[in-house]
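Below is one structure, written out as structure tokens; comments come after it.
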Amino acid sequence: MDDSAAAYTHALHWSMSGESAHADKSIEILNDYAHTLKSIEGHDARLLVGITGIHFVNAAELIAHGEAGWGSDDRERFGRMLREVLYPVIEDFYPTANGNWDASMIQTMMAIGVFLDDRAIYQRGVDYFLNGRGNGCLLNYVKPSGQCQESGRDQHHTLMGLGYLASAAEIARNQGLDLYGEAGNRLAAAFEYCAKYGLGHEVPFERFVSVDGRYDHDSISEVGRGWSVPVFELPYRHYHLRMKIPMPFSEQTLRKLRPEKPSVDHKPWSTLMCAQGVLPVKSVSLEVEALASIKGTDRWDWWQARTARVPGEKPLWVTTMSETGKKVSHDFHDIYQTLSRDEGRTWSKPVIIPSLRRARQDDGFEVAIGDLWPTWHAKSGVVLTTGKTFNFEGGKREIFTREKVSYATMNPKSGKWGAMKFLAMPEKDHSGEVIVAANAGNNQRVDLPNGDILLPVRYQRGAARRNYTSVVVRCGFDGETLTYREHGSELNIPRDRGLYEPSLTEFEGKYYLTLRSDHSAFVTKGGDGINFEPIREWKFDDGTLLGSYNTQQHWITAGGGLFLVYTRKGADNDHVFRHRAPLFIGQVHPETLQVIRATERVLIPENHATLGNSGVCRLNDNESIVTCGEGLMRLGKRKGELNIVHFVKVTAGK
């Protein structure tokens, strides 16, 4: 199985790159099998040939019809192997087996017939697809509803069978025969049925007895439900893109799977070979409602304001804010909180959190916890806030290399906050560099159902240069202590201060990470929450740069859409420090990782103050709160005025 997939992969690589080493390796594999393979035996022989034979044939087709240097004698020897060794194994199919067996043999038999230019072999496969007596025949495998012979067995074997039938239909199409359209596009109904069930929806089911009565299922199986079987690209391309037949559930499945992972059970690299353009994105309209705001004081600005929601009969909203001096940057002091029990229509008077005061240490440093992001941790039932420390030598000069990942918890029953604690990070990163000044300031995290936390963190590699690398750390959390478990990709650019203030979200089974840099903003995505693709600069869908730089961006997921909250240049805002106002929101295409320009709208208008330091609190699948304290009130037309903490409710349209 591995060799067949390797032969095809190398042939495909050669056909696209022209690198002869890949053609040579594919030829080597094909020749080795043609010289040595004399028989295939055992109970699973038919299934093995059905699954792997098509990979060998596809590799041979690419090599034989290009200028790869495959000698005629070798090609003929390979053809004899197909005819004399592989074909006899599958010639009579396996009518009493589950249908995926016959389906696999149909595709390989048709492929062998095409390669050998043998109409009889090809037609034997076609006839069995249409009228075979086994469970793999289309009409025996799929009911008009889309329910399959193996739906009551498990979902991954069902999708295997459908994948093989779609492969056979594509071979036939290339020969001018439409098997896709048979029985009223029954294959399309089957893929939609399986996709719908895999996505968590209910589907109709009736008792299904196989052609000989060997298999009898009276209920659909939960086994394998939602598994990532890479078989949806080909039918989606044909039915939706070619034939304009709606395939909404297959499309949703592809949003979760794309790119479909390579497989030895199915044709590898299906997204690469079958996808035609990006998947369409449902446009999600948003309603924006300004809630009650909070003003700063004559002495202090409220900054780094973010909100957590504690669920309950009367949900509690908890907003933490940093008491910040007005005259210079980074004059951070104590942490305050304000509460709302009426969903933001009114807020309590801000009060200090005693355990989160700026405090003098024995070494003369004053340490302030800050850049906090409080979030309800459902598994433990506490509010957990994560952030960083600001460290002032002698109470004045900030020393960046002393920063730590700070955190604290609030018991919602007592309303009391615990003491500031610190996450113990490894001494060195994956590259062997010393981890210095790790912090999680301003970072949006993801809490997993099992209670683990995916926490974005930035750090310096050594103390010599203030250039940040960003990672996502998987942490354990028991309601009191945050524990490092592992981290994945180490994302960095050598320019300026590197990549920092990363924010993470989960959307339709994938993870999206946005990162700040001094000159621009970057984005990436991944499948497990800690490992990510290469970064790319944020752009609009017209290809122009987003224009966000040297400030944060954060995420909202609502109404089935993915959104970015950001500031940017080019909004008649050259008078605003680092263009940090107005605060925008725009829908993101999850495949291209671009902001859809037509969806951009203003969340908080520009009013001669910065709005770059925002936070998001997710209320439910359709609603979120954006909290943002105005900054740099010592500059511009509003110099000397009290700053404002804005609360904006964002609701996805119905």
Scan of region 384-410 for residues that are outside any strand (DSSP E or B) and either at negative phi or in contact with a His (Cβ under 8 Å, 6 or more places away or on another chain) (or both), ordered by number: Lys396, Ile399, Phe400, Thr401, Arg402, Glu403, Lys404
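With the structure loaded, tell me whether Arg186 is modelled with pLDDT of 95 or more and in contact with a strand residue (DSSP E or B) (Cβ under 9 Å, 6 or more places away or on another chain) or whether it fails that test. Steps first, answer last, please.
Values: modelled with pLDDT of 95 or more: yes; in contact with a strand residue (DSSP E or B) (Cβ under 9 Å, 6 or more places away or on another chain): yes.
For Arg186, the condition - modelled with pLDDT of 95 or more and in contact with a strand residue (DSSP E or B) (Cβ under 9 Å, 6 or more places away or on another chain) - is met.
Residues being assigned to a loop (DSSP other than H, G, I, E, B) and more than 23 Å from His579 (Cβ to Cβ): count how many of those fall in region 618-641.
We begin by selecting, within region 618-641, every residue assigned to a loop (DSSP other than H, G, I, E, B); these are 619-622, 630, 632-641.
Still in the running and more than 23 Å from His579 (Cβ to Cβ): 619-622.
Residues flagged as assigned to a loop (DSSP other than H, G, I, E, B) and more than 23 Å from His579 (Cβ to Cβ) within region 618-641 amount to 4.
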Matching option when the condition is under 38 Å from the mean Cα position of the chain (by Cα), of a type in the set (A, V, I, L, M) and crowded, with 22+ Cβ neighbours inside 10 Å, among Leu139, Leu159: Leu159
Residue identified as free of Cβ contacts under 8 Å to residues at least 12 places away in the same chain and surrounded by fewer than 24 Cβ atoms within 10 Å (Cβ to Cβ) among Glu641, Glu606, Glu600: Glu641
Any hit, region 302-320, residues being surrounded by 24 or more Cβ atoms within 10 Å (Cβ to Cβ), more than 21 Å from Ile625 (Cα to Cα) and either in contact with a strand residue (DSSP E or B) (Cβ under 7 Å, 6 or more places away or on another chain) or not assigned by TED's automatic domain parsing to the domain that holds Arg358 (or both): no
Among the residues listed as Gly441, Gly451, the single one being part of a loop (DSSP other than H, G, I, E, B) and on the phi < 0 side of the Ramachandran plot: Gly441
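Within region 411-428, how many residues turn out to be within 19 Å of Gln460 (Cα to Cα), in a loop (DSSP other than H, G, I, E, B) and not aliphatic (A, V, I, L, M)?
Initially, region 411-428 is screened for residues within 19 Å of Gln460 (Cα to Cα), giving 422-428.
Narrowing further to those that are in a loop (DSSP other than H, G, I, E, B): 423-427.
Now restrict to residues that are not aliphatic (A, V, I, L, M): 426-427.
Summing the residues that are within 19 Å of Gln460 (Cα to Cα), in a loop (DSSP other than H, G, I, E, B) and not aliphatic (A, V, I, L, M) in region 411-428 gives 2.
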Some residue of region 324-338 being over 37 Å from the mean Cα position of the chain (by Cα), within 15 Å of Leu372 (Cα to Cα) and of a type in the set (Val, Ile, Thr): no
Region 81-129, subset within 41 Å of the chain's Cα centre (by Cα) and of a type in the set (Gly, Ala, Ser), residue farthest from Gly181 (Cα to Cα): Ala97
Flag if Lys404 is without any contact (Cβ under 8 Å) to a residue 40 or more places away in the chain and either closer than 22 Å to Val645 by Cα or touching a strand residue (DSSP E or B) at 6+ places or on another chain (Cβ under 7 Å) (or both): yes
Qualifying residue in region 498-510 (condition: assigned to a loop (DSSP other than H, G, I, E, B) and modelled with pLDDT under 95): yes
Residue satisfying condition, being modelled with pLDDT of 95 or more, surrounded by fewer than 24 Cβ atoms within 10 Å (Cβ to Cβ) and either farther than 16 Å from Ala168 by Cα or not small (Gly, Ala, Ser) (or both), within set Phe129, Phe93, Phe115: Phe115
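Gly529: under 26 Å from Pro374 (Cβ atoms), in contact with a Cys (Cβ under 9 Å, 6 or more places away or on another chain) and part of a loop (DSSP other than H, G, I, E, B), yes or no?
no
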Some residue of region 506-516 being within 17 Å of Trp373 (Cβ to Cβ), surrounded by fewer than 24 Cβ atoms within 10 Å (Cβ to Cβ) and of a type in the set (S, T, N, Q): no
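Inside region 231-254, can you point out the residues that are of a type in the set (D, E, K, R), out of contact with any His (no Cβ under 9 Å at 6 or more places or on another chain) and surrounded by fewer than 19 Cβ atoms within 10 Å (Cβ to Cβ)? Talk me through it step by step, then tell me what you get.
Restricting attention to region 231-254, the residues satisfying the condition of being of a type in the set (D, E, K, R) are 233, 237, 242, 244, 251.
Among the residues that remain, those that are also out of contact with any His (no Cβ under 9 Å at 6 or more places or on another chain) are: 233, 237, 242, 244.
Hits for region 231-254 are Arg242, Lys244.
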Selection count where residues are under 17 Å from Gly418 (Cβ atoms) and part of a strand (DSSP E or B), scope region 371-383: 8
Condition check for Gly629: crowded, with 24+ Cβ neighbours inside 10 Å, under 21 Å from His330 (Cα atoms), within 23 Å of the chain's Cα centre (by Cα) and not aromatic (Phe, Trp, Tyr): no
Residues of region 545-568 satisfying the condition of being closer than 23 Å to Asn622 by Cα and of a type in the set (Val, Ile, Thr): Ile556, Thr557, Val565, Thr567
Spans of helices (runs of 4 or more DSSP H) in region 127-214 with at least 3 residues over 25 Å from Glu91 (Cβ atoms) and in contact with a helix residue (DSSP H, G or I) (Cβ under 9 Å, 6 or more places away or on another chain): 155-174, 182-198
Selected residue (criterion: nearest to Trp14 (Cα to Cα)) from residues of region 28-78 that are of a type in the set (Lys, Arg) and part of a helix (DSSP H, G or I): Arg75
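Within region 578-589, is there a residue that is within 22 Å of the chain's Cα centre (by Cα), closer than 26 Å to Thr271 by Cα, assigned by TED's automatic domain parsing to the domain that holds Gly636 and surrounded by fewer than 21 Cβ atoms within 10 Å (Cβ to Cβ)?
Step one: of region 578-589, the residues within 22 Å of the chain's Cα centre (by Cα) are 585-589.
If we keep only those that are closer than 26 Å to Thr271 by Cα as well, we get 587-589.
Filter again for assigned by TED's automatic domain parsing to the domain that holds Gly636, leaving 587-589.
Pick out the ones that are also surrounded by fewer than 21 Cβ atoms within 10 Å (Cβ to Cβ) and you get 589.
Yes.
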Qualifying residue in region 560-571 (condition: under 18 Å from the mean Cα position of the chain (by Cα), crowded, with 17+ Cβ neighbours inside 10 Å and not aliphatic (A, V, I, L, M)): yes
Complete set of residues in region 545-575 that are farther than 12 Å from Asn613 by Cα and touching a residue at least 40 places away in the same chain (Cβ under 8 Å): Leu546, Trp555, Ile556, Thr557, Ala558, Gly559, Gly560, Gly561, Leu562, Phe563, Leu564, His575
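Is it fair to say Lys244 is outside any helix (DSSP H, G or I) and free of Cβ contacts under 8 Å to residues at least 60 places away in the same chain? If you could, list the steps in order and put the result at the bottom.
On the way: outside any helix (DSSP H, G or I): yes; free of Cβ contacts under 8 Å to residues at least 60 places away in the same chain: yes.
Yes; evaluated as a whole, the condition is true for this residue.
The values are calculated or read from the model by the stated rules, or taken from the named source; none is laboratory data. Not measured: the values here are computed from a predicted model. Neighbour counts run over all protein chains shown; Cβ positions are idealised from the backbone, glycine included.
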